[in-house]
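> Here you go, one structure.
The values are calculated or read from the model by the stated rules, or taken from the named source; none is laboratory data. Fair warning: this is a prediction, and the values are worked out from it, not measured in the lab. Glycine gets a Cβ as well: all are built from the backbone with ideal geometry, and neighbour counts include every protein chain shown.
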Ligand SMILES: CC(C)(COP(=O)(O)OP(=O)(O)OC[C@H]1O[C@@H](n2cnc3c(N)ncnc32)[C@H](O)[C@@H]1OP(=O)(O)O)[C@@H](O)C(=O)NCCC(=O)NCCS
């Protein structure tokens with residue numbers, strides 16, 4: 001399996017839309033993602049295997065920190081290191097910009113994502129009560145870079 005992490009481009013949207021429609025009912029819509037490609041404060045990447053998108057992830061800049069907006073891997077491709085490779089790419093980009101920290105929100109029930117972030121040394125710094133659908137709490141997790 002040769003994995004490649006590349007900047008997201010319009011040509012990837014055929015695959016991305018298929019992933020979003022079949023696997024992520026309440027995740028980001030492709031139109032929001034397309035808008036993000038035009039946003040100079042955002043950077044998005046895709047994970048490709050043989051040129052086919054199997055995952056994607058993005059960040060946007062807010063003053064002197066970056067925020068991870070999403071990270072997703074196709075269900076049948078999980079637990080193969082693809083999420084880690086995407087996250088490593090995001091961390092590498094932020095480190096190159098002399099920025100203090102990377103922050104994200106994650107549903108407190110989303111143990112696979114929480115474990116992924118912990119593996120990369122993200123620490124829980126707070127909770128947003130009933131952040132998801134006014135029901136589930138979000139953990140706020142931060143990676144301090146300096
Ligand atoms: C979270 C997600 C991106 C992880 O992607 P992945 O490609 O499976 O991750 P990796 O294979 O790189 O796993 C890295 C680490 O994450 C943790 N992890 C991933 N899946 C896990 C699971 N099902 N249970 C426990 N830990 C898990 C482990 O620590 C793992 O390291 P290990 O394999 O050495 O044990 C993927 O599960 C996903 O797309 N989930 C749905 C979208 C989502 O919830 N995104 C997060 C939004 S905040």
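Matching residues to (1) more than 13 Å from the ligand (Cβ to nearest atom); (2) more than 12 Å from the chain's Cα centre (by Cα); (3) surrounded by fewer than 16 Cβ atoms within 10 Å (Cβ to Cβ); (4) assigned to a loop (DSSP other than H, G, I, E, B):
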site: 67; (1), (2), (3), (4): no, no, no, no
site: 115; (1), (2), (3), (4): no, yes, yes, no
site: 129; (1), (2), (3), (4): yes, yes, yes, no
site: 138; (1), (2), (3), (4): no, yes, no, no
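Listed here are the residues, each with its yes/no results for (1) at pLDDT below 95; (2) over 11 Å from the mean Cα position of the chain (by Cα); (3) closer than 25 Å to residue 4 by Cα.
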| position | (1), (2), (3) |
| --- | --- |
| 70 | yes, no, yes |
| 89 | no, no, yes |
| 92 | no, yes, yes |
| 118 | no, yes, yes |
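> Among the residues of the stretch 27-50 satisfying the criterion of being touching a residue at least 12 places away in the same chain (Cβ under 8 Å) and surrounded by fewer than 12 Cβ atoms within 10 Å (Cβ to Cβ), which is farthest from residue 89 (Cα to Cα)?
Across the stretch 27-50, the extreme among qualifying residues is 50.
> Please find, among 71, 102, the residue that is more than 11 Å from the ligand (Cβ to nearest atom), in a strand (DSSP E or B), within 23 Å of residue 137 (Cβ to Cβ) and in contact with a helix residue (DSSP H, G or I) (Cβ under 6 Å, 6 or more places away or on another chain).
102
> Here's another thing I want to ask about it. Would you confirm, using the coordinates I've provided, whether residue 83 is under 14 Å from the mean Cα position of the chain (by Cα), within 9 Å of the ligand (Cβ to nearest atom), assigned to a helix (DSSP H, G or I) and in contact (Cβ under 8 Å) with a residue 24 or more places away in the chain?
Spelling it out, residue 83 is indeed under 14 Å from the mean Cα position of the chain (by Cα), within 9 Å of the ligand (Cβ to nearest atom), assigned to a helix (DSSP H, G or I) and in contact (Cβ under 8 Å) with a residue 24 or more places away in the chain.
Conditions tested, residue by residue: (1) surrounded by fewer than 19 Cβ atoms within 10 Å (Cβ to Cβ); (2) in contact (Cβ under 8 Å) with a residue 40 or more places away in the chain; (3) in a loop (DSSP other than H, G, I, E, B).
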site: 6; (1), (2), (3): yes, yes, no
site: 13; (1), (2), (3): yes, no, no
site: 53; (1), (2), (3): no, yes, no
site: 79; (1), (2), (3): yes, no, yes
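> Look through 37, 33, 48, 20 and report the one residue that is at negative phi, under 17 Å from the mean Cα position of the chain (by Cα) and at pLDDT 95 or above.
48
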